[in-house]
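J.: First, the structure itself, so that you have it in front of you.
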Amino acid sequence: MATKLPFFNNEAMVRDIVLQFPKSADYFKANKIDFCCGGAKPLGEAVSERGLDPEAVIGDLYKLLEEYPVLEEDMVWNSAPSDELISHIVNKHHRFLREELPLIGQNVTKVFRVHGEDSPHLAELYTLFNTLKEELFQHTAKEEESEFPKILSYIANPNEAALAELREALHDLEDEHDAAGDILKQMRLITNDFTPPGHACTTYRLTYARLEELEGMTFEHVHLENNILFPRYQ
């Protein structure tokens, strides 16, 4: 049995809990508690905003810790060098977006065209997804072409001017993360938590499943940047 850890309390920041106990991210996602864009918030406050009992949530986290003790490999990205973390983000998360966004887009378009008359919300979903897709493509391109090289350049040659420029760039990236998070929240809201209607065909159900996977991958992506990579230079 794992030892109960002291960071499970109402004052602990949500993002810090995830950093120290990565499995908690799954619990927070399941309970719609934002641990990436809104992670700089005390657990008690974040939980109360969701209408949940803070003490019950803390109890759940301790039970989860007993079932999934923190392993050293779970913490690997917390202490990984920035160049390795950047490589991981590009090769896993940026690659996922490049490969999956066009495919998800095809599904969203097909479902909208076939079921749009019976499900009016699909028009809004179509618009939201395409806005998100373009923003994410622009965001990842900017990270790879400009902002990540700024981090690597600063590591190679630390100086105050470069750090000031880097901090401004990272602030802009965080704003873009917030915007993407807001779109994902709206998509979850209008799809009733990505729950397809009873009459939904296979493509309809697959579309919702892929959108939920996109949400989960985006949360992980933002967490690695907002909560691990960026704070090293702020």
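What follows is calculated from the coordinates using simple rules that are stated; it is not laboratory data. None of these values were measured; they are calculated from a predicted model. When we count neighbours, we look across all protein chains shown, and the Cβ atoms used for this are built from the backbone with ideal geometry, even at glycine.
J.: Compute the distance in nm between two label points, each set 7 Å from the Cα along the Cα-to-Cβ direction, one at Arg98 and one at Arg113.
T.: Taking the simple label geometry, Arg98 and Arg113 are separated by 2.7 nm.
J.: Full extension from Ala161 to Ala56: what is 0.36 nm times the residue separation minus their Cα-Cα distance, to one decimal in nm?
T.: Answer, rounded to one decimal: 33.1 nm.
J.: Taking the Cα of Met217, stepping 7 Å toward and past its beta carbon, and measuring to each backbone N in the range 109-130: which are under 12 Å?
T.: Within reach of a label on Met217, which here means backbone N under 12 Å from a point 7 Å along Cα→Cβ, the range 109-130 contributes nothing.
J.: Counting only helical runs of four or more DSSP H residues, what would the 222 nm mean residue ellipticity of the chain come to if each run contributes -39,500 (n - 2.57) and the total is spread over all its residues?
T.: Taken over the chain, the calculation gives -20500 deg cm²/dmol.
J.: Something else about it: Send over the Kirkwood Rh of the chain, from the inverse of the averaged 1/r over different Cα pairs, rounded to one decimal Å.
T.: Values: mean 1/r = 0.0520 Å⁻¹.
Result for the chain, one decimal place: 19.2 Å.
J.: Below 9 angstrom from the Cβ of Arg188, what's the summed charge of the other residues (Lys, Arg +1; Asp, Glu -1)?
T.: With Lys, Arg at +1 and Asp, Glu at -1, the neighbours total -1.
J.: Counting Lys +1, Arg +1, Asp -1, Glu -1, what net charge surrounds Leu64 among other residues with beta carbon under 11 Å of its beta carbon?
T.: -2
J.: Quick one: compute the contact order of the chain, relative version, from alpha carbon pairs under 8 angstrom and 6+ residues apart, as a percent.
T.: The value is 25 percent.
J.: Something else: In vacuo Debye scattering of the range 129-234, one point per C-alpha: log10 I(q)/I(0) at q = 0.10, 0.17 Å⁻¹?
T.: The Cα Debye sum returns log10 ratios of -0.38, -0.82.
J.: Based on the Cα atoms of the range 50-110, what semi-axes does the equivalent ellipsoid have, where each is the square root of 5 times one gyration tensor eigenvalue, given in whole Å with the largest first? Could you put the intermediate results ahead of the total?
T.: Numbers: eigenvalues 204, 111, 19 Å².
Computed over the range 50-110, the values are 32, 24, 10 Å.
J.: Distance between Cα centroids, the range 175-234 to the range 99-171: provide it in whole Å.
T.: So the separation of the two Cα centres works out to 12 Å.
J.: Which pairs break 19 Å Cα to Cα here: Lys41/Lys63; Lys41/Lys142; Lys110/Lys133; Lys32/Lys185; Lys110/Lys185; Lys29/Lys63? Each step should come with its number before you reach the end.
T.: Working: Lys41/Lys63 22 Å; Lys41/Lys142 28 Å; Lys110/Lys133 16 Å; Lys32/Lys185 9 Å; Lys110/Lys185 22 Å; Lys29/Lys63 17 Å.
Checking Cα-Cα distances, Lys41/Lys63; Lys41/Lys142; Lys110/Lys185 exceed 19 Å.
J.: Then there's this: Just order 15-21, 131-137 by mean Cβ neighbour count inside 10 Å, highest at the front, would you?
T.: 15-21, 131-137
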